[in-house]
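Below: one structure, written as structure tokens.
The values are calculated or read from the model by the stated rules, or taken from the named source; none is laboratory data. Keep in mind it's a predicted model, so treat the numbers as computed, not measured. All Cβ positions, even for glycine, are placed from backbone atoms using ideal geometry, and neighbour counts span all protein chains on display. Ligands, DNA and RNA are stripped out before the accessible areas are found, and what is left, the full protein with its side chains, is counted by its heavy atoms. Shrake-Rupley method; radii C 1.70, N 1.55, O 1.52, S 1.80 Å.
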Amino acid sequence: MKQAVEKNAAPPVADLKGLIQHHSAALSAQLQAHHMAVFPPNAEKTIRNFTPAETAKLIGIGEGYLRQVAAEMPDLAASQTGGRRSYSVEDIQALRVHLDQGSRGGRRYLPHRRGDEALQVIAVMNFKGGSGKTTTSAHLAQYLALRGYRVLAIDLDPQASLSALFGHQPEIDVGPNETLYGAIRYDGERRPIAEIVRATYIPDLHLIPGNLELMEFEHDTPRALMKRQVGDTLFFARIGQALAQAQNLYDVVVIDCPPQLGYLTLSALTAATSVLVTVHPQMLDVMSMNQFLAMTGDLLEEISNAGARSDYNWMRYLVTRFEPSDGPQNQMVAFLRSIFGEHVLIHPMLKSTAVSDAGLTNNTLFEVERGQFTRSTYDRALEAMNNVNAEIETLIKKAWGRAA
């Protein structure tokens, strides 16, 4: 028995540094193997087709009218599955364009912002891991794109989980200067933001991936502050400055922020027009959020004194991983609503095996097939996700002065 244990044991490591390096290399190799199994080199990530009911709801028309419009478009490549029609994201986009061109009375099936409507930049953040921050960011970006908005998703977290959800393995698919760091760095290697934006498998949804390179901004900023010259753009304005280069191309930017209060997060907050804070309704998580809010408030006051903008359209708390049958969680949600009032979103995101199981293969609810789960489990999770995102879409419209 002793020999078997010794045979399977890791090689002896002299110090903590060596142990961490050994574990990092072993885990990295296994994750790459998993990624290769899920997404072979010649594979491209795709999104599932949508039923007529889903398609009609996304576009904002009745299912009967959808059939009528589809019949007017002989080139529409809608597919038949089990005798029932389904629509790809390209089909949905084509339907939107067709409807928008023939719309009367100002009805807009392509809800792009008008010239007097400001780019909406939503920073999704939390100080504590496990709050659903990244899955919230991914589903929000996809939902808005499926609703017809032009969306840019930015992975600002060096752990790059959002990038992985979109099929970009940070260690393999994201090279030097291919993250947002490339557009906000302080030296002559800085690049236009257009050079680092990537298309995705959803029309009008683009991505700026992340990886560990983003940490360089945290290391570079103190040196830049010491050497700064008159006219230099300070750290807190650099993301906003980069986004200004591409603001006419998008309606909404969704930023998945790092789970710590560093220079990246402060720059994202300064660039943001709105803030979404995810919170798991457990005492330890709420206590952690309390510390996060206190530190954020103090730091924002400091950079405001240095000229950072502090105006915003809205700030909301999203309750995530909520279990309606859990009494203590219900008490915690009621506690949060008593303190924050309307700043807590009406709809929570439910805890669901559909979300966690989809995440095992780096997929979102919009990407996995319904048949992989118990129908009621999937439908309940998707309904909760759509309710949350529809509420956020309403806030975006109100910021533009549109009717909800």
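Here are a few things to note about the model shown:
- Within region 359-369, the set of residues being out of contact with any Lys or Arg (no Cβ under 8 Å at 6 or more places or on another chain), open to solvent by 20 Å² or more (accessible area, probe 1.4 Å) and modelled with pLDDT of 80 or more comprises ASN363 only.
- Residue match in region 325-341 (condition: within 30 Å of GLU367 (Cβ to Cβ), out of contact with any Ser or Thr (no Cβ under 9 Å at 6 or more places or on another chain), open to solvent by 60 Å² or more (accessible area, probe 1.4 Å) and among the β-branched types (Val, Ile, Thr)): no
- Test: residue in region 237-246 that is touching a residue at least 60 places away in the same chain (Cβ under 8 Å) and more than 16 Å from ARG190 (Cβ to Cβ): no
- Screening the candidates PHE217, PHE166 for the property of being farther than 30 Å from PRO111 by Cα, buried (at least 19 other Cβ atoms within 10 Å of the Cβ) and of a type in the set (Phe, Trp, Tyr) yields one hit, PHE217.
- The set of residues from region 222-243 being surrounded by 17 or more Cβ atoms within 10 Å (Cβ to Cβ), assigned to a helix (DSSP H, G or I) and in contact with a Leu (Cβ under 9 Å, 6 or more places away or on another chain) comprises ALA224, PHE235, PHE236, ILE239, ALA242, LEU243.
- When the criteria are applied in full, ALA308 meets the requirement of being more than 19 Å from the chain's Cα centre (by Cα) and crowded, with 17+ Cβ neighbours inside 10 Å.
- Within region 244-286, being among the acidic types (Asp, Glu) and either surrounded by fewer than 20 Cβ atoms within 10 Å (Cβ to Cβ) or within 28 Å of LEU336 (Cβ to Cβ) (or both) holds for ASP256, ASP285.
- Test: residue in region 155-171 that is closer than 23 Å to GLN245 by Cα and over 15 Å from the mean Cα position of the chain (by Cα): no
- The one condition from (1) surrounded by 14 or more Cβ atoms within 10 Å (Cβ to Cβ); (2) hydroxyl-bearing (Ser, Thr, Tyr); (3) under 23 Å from GLN260 (Cα atoms) that TYR378 does not meet is (3).
- Test set (1) in contact with a strand residue (DSSP E or B) (Cβ under 9 Å, 6 or more places away or on another chain); (2) under 19 Å from THR134 (Cβ atoms); (3) surrounded by 19 or more Cβ atoms within 10 Å (Cβ to Cβ) - ARG198 fails condition number: (3)
- Of all residues in region 259-273, those satisfying the criterion of being touching a Lys or Arg at 6+ places or on another chain (Cβ under 8 Å) and outside any loop (DSSP other than H, G, I, E, B) are SER267, THR270.
- Taken across region 322-343, residues that are at pLDDT below 85 and under 22 Å from LYS133 (Cα atoms) do not occur at all.
- Pair list, Cβ < 9 Å and 6+ apart or interchain, from region 366-386 residues that are farther than 18 Å from GLN142 by Cα to residues that are among the β-branched types (Val, Ile, Thr) and open to solvent by 70 Å² or more (accessible area, probe 1.4 Å): PHE373/THR353; THR374/THR353; THR377/THR353
- When every residue of region 391-404 is checked against the conditions, none turns out to be open to solvent by less than 70 Å² (accessible area, probe 1.4 Å), closer than 19 Å to ALA141 by Cα, hydroxyl-bearing (Ser, Thr, Tyr) and assigned to a loop (DSSP other than H, G, I, E, B).
- Test: residue in region 133-143 that is open to solvent by 40 Å² or more (accessible area, probe 1.4 Å) and not hydroxyl-bearing (Ser, Thr, Tyr): no
- Enumerated helices (runs of 4 or more DSSP H) restricted to region 84-171, each holding at least 2 residues that are β-branched (Val, Ile, Thr): 89-101, 133-146
- Unmet criterion (only one of (1) modelled with pLDDT of 85 or more; (2) loosely packed, with under 13 Cβ neighbours inside 10 Å; (3) at negative phi) for SER356: (1)
- Residue within region 107-119 that is basic (Lys, Arg), modelled with pLDDT of 85 or more, under 24 Å from the mean Cα position of the chain (by Cα) and surrounded by 16 or more Cβ atoms within 10 Å (Cβ to Cβ) present: yes
- Scanning region 186-206 for residues that are of a type in the set (Lys, Arg) and in contact with a Leu (Cβ under 9 Å, 6 or more places away or on another chain) returns a single hit, ARG198.
- The set of residues in region 244-258 that are aliphatic (A, V, I, L, M) and not in a strand (DSSP E or B) comprises ALA244, ALA246, LEU249.
- For ALA14: the one exception among (1) modelled with pLDDT of 65 or more; (2) of a type outside the set (S, T, N, Q); (3) farther than 21 Å from THR364 by Cβ: (1)
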